[in-house]
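Undergrad: Starting off with a structure, shown below.
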Amino acid sequence: MKSKHIIGFILASLIFSTTTVNSDTYFGERETEGFTDICPRDDVVLVEESRNGLFKVTISRTEDFTCHFVVVSFDGKTMFQDSIMGGYFYLGANYEANGEPFATLTGPGHQNVVISSWSGGAHCCFTLRIFDVTDGFRQAAYIDSGNFMAVFEDLDFDGIPEIKVTDDFLAYQFSSFAESATADVVLKYSEGEFIVAPEFMLKAPLDLRLLRNEITEWRRQIREANDLGNLPYSFMKTVTDLTFSGNWQTAEQLVELTWPSEGPSKKDFLIRYEMALAESKFYTKLL
């Protein structure tokens, strides 16, 4: 396959496929055994709790804040529990105290429990767990949104919010973290699972003639960069926005029009971009 078709091939797979985000899907690395064995439990204090009928969600911590714990119980029976060292659990999806863990996310008449967590530190990681407790108890989704919080928003006004995720698959790939472009991804609940929702991501094609001045400047910046580790943010953001909005052909054209004859290798750029997409938490399920 010619290098100039790499981005197009990738996006064709992305937009017209579905990514399943369910209890068997983990986006990013996660400790498989948790921290239960190394977290002391003899000095645990209650942080907050919320009740709905016979369901109760409790967050507690050690006195020194080293470990946090979350427990979901029904009529006194533990249905789910987890622990984290150096991080925090929150009720609901807003990553703040006094949140509301009970919501309707998986359809009219359904009841869900939402727990969010933050691993702590300057970077990474925010996660969401969504449980369906309508008829029994099952985990509907585990979503690791990386360095950015997922946001709940009812985009189609049907009373069931979608989940907006910022995909940081390009972090440190072509620039520093602060200058790394991100992609906007929308998840929706459909037939028992959360999937990528192209209808909220597709956009009208961009007329590249409107970017004539930007292309000239990007070409100069890329030529002077000398390597792929210092590419202009606005160029990478535009390519990525086009790629994730169904306009892969326009993204391909933009790279062709912009890339200078001297400077970093265009072929190497396309290969590295493809590899970054393959490492995306949300894109890997499309391969």
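The values are calculated or read from the model by the stated rules, or taken from the named source; none is laboratory data. Worth saying up front: this structure is predicted, and the values here are computed from it rather than measured. Cβ coordinates were reconstructed from backbone atoms using ideal geometry, including for glycine residues, and neighbour counts include every protein chain displayed.
Undergrad: Please go through segment 178-196 and give me each residue that is farther than 14 Å from I160 by Cα and over 13 Å from the mean Cα position of the chain (by Cα), ordered by number.
TA: A178, E179, S180, A181
Undergrad: Would you mind listing the strands (runs of 3 or more DSSP E) fully within segment 138-244 where at least 1 residues are touching a residue at least 12 places away in the same chain (Cβ under 8 Å) and touching a Pro at 6+ places or on another chain (Cβ under 8 Å)? Walk me through how you get there before you give the answer.
TA: Numbers: elements: 138-144, 151-153, 162-167, 183-190, 193-196.
Once the strands (runs of 3 or more DSSP E) in segment 138-244 are filtered for at least 1 residues that are touching a residue at least 12 places away in the same chain (Cβ under 8 Å) and touching a Pro at 6+ places or on another chain (Cβ under 8 Å), what remains is 151-153.
Undergrad: Filter segment 170-180 for residues that are of a type outside the set (S, T, N, Q) and surrounded by fewer than 23 Cβ atoms within 10 Å (Cβ to Cβ) and give the result.
TA: In the first step, residues of segment 170-180 are kept if they are of a type outside the set (S, T, N, Q); the result is 170-172, 174, 177-179.
Those that are of a type outside the set (S, T, N, Q) and surrounded by fewer than 23 Cβ atoms within 10 Å (Cβ to Cβ): A171, Y172, F177, A178, E179.
Undergrad: Right, another one. Considering segment 205-241 alone, what residues qualify as being surrounded by 16 or more Cβ atoms within 10 Å (Cβ to Cβ), more than 27 Å from L128 (Cβ to Cβ) and of a type in the set (D, E, K, R)?
TA: E214, R219
Undergrad: Hand me the list of strands (runs of 3 or more DSSP E) wholly inside segment 1-91 holding 1 or more residues that are among the charged types (D, E, K, R) and either modelled with pLDDT of 95 or more or not assigned by TED's automatic domain parsing to the domain that holds F244 (or both).
TA: Values: elements: 44-52, 55-62, 67-74, 77-85, 88-91.
Once the strands (runs of 3 or more DSSP E) in segment 1-91 are filtered for at least 1 residues that are among the charged types (D, E, K, R) and either modelled with pLDDT of 95 or more or not assigned by TED's automatic domain parsing to the domain that holds F244 (or both), what remains is 44-52, 55-62, 77-85.
Undergrad: Collect the residues in segment 231-287 that are aromatic (F, W, Y) and within 18 Å of S180 (Cβ to Cβ), keeping them in residue-number order. Steps first, answer last, please.
TA: Within segment 231-287, the subset aromatic (F, W, Y) is 233, 235, 244, 248, 259, 269, 273, 282-283.
Within segment 231-287, Y233, F235, F244, F269, Y273, F282, Y283 meet the criteria.
Undergrad: Just to be sure I understand, how many residues within segment 181-204 are surrounded by fewer than 21 Cβ atoms within 10 Å (Cβ to Cβ), modelled with pLDDT of 90 or more and in contact with a Ser or Thr (Cβ under 7 Å, 6 or more places away or on another chain)?
TA: The qualifying residues number 5.
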